[in-house]
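I have placed the structure first, in the form of structure tokens, so that the comments after it can refer back to it.
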């Protein structure tokens, strides 16, 4: 009986191992974002002398958390699928931070950041540089716009953020990798209108306008100027406001046409008919007993002979 017991124990160990691996794999698959989950932003650590990136002893790029926001007391982080505007005020810009932002504004060194493609609290921790673990980190470059002066900076503090989630399959019916981030980018807007003057010791108010898109494509523009030749009068663009606008236009056009016809065209035609009936030529029976003839009145009041025509003379 001992060989059978040994074989049974071995089979039990194999089954338990396979079950554990399967369970671990399942736990890894469910390590995805839920709406409202925090998406932390970390950026490359750079030197103050030249703005070059810093590496550790293994040659891996060092990423540090984004600057702390006064509103939350935490480094910058987005909420998964949340499109509420996010304010992040960096209090009392230090001399080091000021000079780093000079590199960012001058584009000598980009503000290169990253976000995790899936939550870091999953079954498999996310560590390392972008590209070390493929698909685990998503590059997130923030393109800043501003102007450098000798003593201060002008920074466009309103920043648009675009993030894509998941990827549709080839038949566009199934969303692959739901609850993950596929790509991300950000850029400053309105540098000539909405820019903030910053010196050392000032607060830096940043405002992030966030949009999330499913899949890899951007939707078509709603602006007629940026229509790109597409027909906008179908599908989702036929809204209630558009329908009411068409109805109102039709009613106003009908009223205008009716008012023009009754107030101008119809009286004009009516006067033309009346004038024609008074001044036009006509026939009258011979009141003098002529046979088969016609008589018209002459200018002196006498009756003309039968069958005569009256022509007005000057």
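Picking from residues in region 192-206 that are under 23 Å from the mean Cα position of the chain (by Cα) and surrounded by fewer than 16 Cβ atoms within 10 Å (Cβ to Cβ), the one that is farthest from residue 144 (Cα to Cα) is 193.
Among the conditions (1) at pLDDT below 55; (2) more than 34 Å from the chain's Cα centre (by Cα), the only one that residue 29 does not satisfy is (2).
Does region 117-126 contain any residue that is modelled with pLDDT of 85 or more, surrounded by 14 or more Cβ atoms within 10 Å (Cβ to Cβ) and part of a strand (DSSP E or B)?
Kept after step one, since they are modelled with pLDDT of 85 or more, are these residues of region 117-126: 117-119.
Adding the requirement that they be surrounded by 14 or more Cβ atoms within 10 Å (Cβ to Cβ) leaves 117-119.
Subsequent filtering for residues that are part of a strand (DSSP E or B) retains none.
No.
Among residues of region 95-117 that are on the phi > 0 side of the Ramachandran plot, those with a beta-carbon under 9 Å from a residue that is surrounded by fewer than 19 Cβ atoms within 10 Å (Cβ to Cβ) at least six positions away or on a different chain give the pairs 107/143.
The values are calculated or read from the model by the stated rules, or taken from the named source; none is laboratory data. All values derive from a computational prediction rather than experimental measurement. Using ideal geometry, Cβ is built from the backbone for each residue, glycine included, and neighbour counts are taken over all protein chains shown.
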